[in-house]
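Presented below is the structure to which this report refers.
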Amino acid sequence: MKLLNTASRLLALPAIALALGAFSTNAIAAPPEVIRIGVATAGGGDPITWGGSPGSVARANHWLEEAFEPAGVRIEWLFFKGAGPAVNEALSNRQIDFAYQGDLPSVVGRANGLKTRILLTSGARNNLYVVTPSDSALRSIDQLKDRRVSLFRGTNGHLVAINVLASRGLTERDIKGVNLDTGSAQAALVSHGVDAAFGGYEWFKVRDQGLAKVIYSTQGQDPSFTRQASLLVRDDFAKEHPAEVQQVVDVFVRAAHWSSDEKNREALFRIWEKSGTPYASWQAEFKDQDLRTRNSPLADAFIVGRYQAVASDALKAKLVRREVATDGWFDTSFLQAALKKQGLEHYWTAYDPQGREAPEAHAAAK
């Protein structure tokens, strides 16, 4: 009898192990109580939002909240005045699951060991500008030598600023760089605390108030002088919650599609206006530019190439201490599934590394 009981227990062990394994799998697959999305900007408005990205359309329309409501999953949007560097810290501390941020801070995070996946592009070819006080005698970048110039170091505009200076035979050391966030830079420029500032579309509002003038713009220039932004996810979150990652990507692709339709141009700028950046500023930022190109979610050869170039340039500029490779960083499997599900596999144009229409144009991301 004792032998039989022992044998029965031994025979039961595999079944118990199988049951425990199934329980473990179910625990991993269970939806999280909350999904936290970090945005690399202080944002504005009530509720807080941002502009210049299809992701903000999903935010404004509560599309993510609607998608996850049946499962009882809450969506939290967190905005960071410290931009990309602050988002990296939040990722490192597992305080957020997804991140919307620019190329340079993403590269810096990867160089510092952050395990993330780039899921899709969410704001391509963002322009960079150089502005001065409206009464300044400065007329070009060539005149910035030895001048006090505001730079938001560590953000995706920082490296582009370095490259723009290099195109005019200048280095960052040739200017008296002052590290200021967006709001501080505006206050400093208006009060003549700095002679010039690098920045984005936020400067059009100051210009239109008669307090600043734009002396340089990347619009119509080499696309390598533009900035890219993407949606990233923590690698461990993607492993534990692939279904939820797919849902998030589905919503971002839906938002990208809506934002790429020219008939929605005015409505799009009105949504972005809620962030505190005026409608006229978005008109200026997107002047003579195609929405479908700027709001494409594709991680095509141009986007991947820009991230690799940013990684290389960041190493040269000693913004990172080791080489960063893009191999294995882009995970477009969720994007491909979303494109197929929504019938958008041939909607956006794929571009080559130089930003020109690729031979396989109108194809999905490679």
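Key figures
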item: Antiparallel %, DSSP beta bridges [both residues in the chain], to 5; result: 55
item: Most positive-pole-ward Cα, Leu114, Ser224, Tyr100, against dipole of the chain from beta carbon charges; result: Leu114
item: The chain, helix-only ellipticity at 222 nm - DSSP H runs n ≥ 4, -39,500 (n - 2.57), divided by all residues, nearest 500; result: -13000 deg cm²/dmol
item: Mean separation of Cα contacts under 8 Å, 6 or more apart, over the residue count of the chain: relative contact order %; result: 22
item: Theoretical gain in end-to-end length, Gln221 to Gln289 [0.36 nm per residue, Cα-Cα removed]; result: 23.3 nm
item: Under 24 Å from the Cα of Lys239 - lysines, other chains or at least 8 residues apart; result: Lys115, Lys340, Lys341, Lys366
item: On Cα atoms only, tilt of 242-260 relative to the major axis of the chain in degrees; result: 30
item: R0 of 56 Å, Cβ-Cβ distance Ser184-His346: FRET efficiency to nearest 0.05; result: 0.80
item: Folded to 0 to 90 degrees: helix 156-167 orientation relative to the chain principal axis, Cα; result: 40
item: Positive-end residue of Phe198, Ala256, Gln342, charge dipole of the chain with Cβ unit charges; result: Phe198
item: Rh by Kirkwood over Cα pairs, then Stokes-Einstein D for the range 129-217 at 0.692 mPa s and 37 °C, µm²/s; result: 262
item: Gain upon complete extension [Lys115, Lys81; 0.36 nm per residue less C-alpha separation]; result: 10.0 nm
item: Dipole in debye (nearest 20) - the chain, about Cα centre, beta carbon charges: Lys, Arg +1; Asp, Glu -1; result: 740
item: Net length gained if the chain between Ala71 and Glu266 were fully extended (0.36 nm per residue, minus Cα distance); result: 66.8 nm
item: When each of Lys205/Lys287; Lys81/Lys274; Lys81/Lys263 is checked by Cα-Cα distance, pairs over 26 Å; result: Lys81/Lys263
item: Where the chain is the region considered: accessible area per residue in Å², 1.4 Å probe; result: 46
item: The range 129-217 - charge dipole about Cα centre, Lys and Arg +1 at Cβ, Asp and Glu -1, debye rounded to 20; result: 100
item: The chain, accessible surface, carbon-and-sulfur percent (1.4 angstrom probe); result: 53
item: Calculated FRET efficiency for the pair Ser191/Ser333, C-beta based, R₀ 45 Å, to 0.05; result: 0.35
item: Value of Rg to Rh for the chain (Rh from inverse mean 1/r over Cα pairs, i.e. Kirkwood); result: 1.07
item: Cα lying deepest toward the dipole's positive end in the range 129-217, options Tyr129, Ala212, Thr171, charges on Cβ; result: Thr171
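The values are calculated or read from the model by the stated rules, or taken from the named source; none is laboratory data. Since the model is a prediction, treat every value here as computed from it, not as a measurement. Note that we place each Cβ from the backbone using ideal geometry, even for glycine, and neighbour counts take in every protein chain shown. The accessibility values were calculated without ligands, DNA or RNA, using every heavy atom of the protein model including side chains. Shrake-Rupley method; radii C 1.70, N 1.55, O 1.52, S 1.80 Å.
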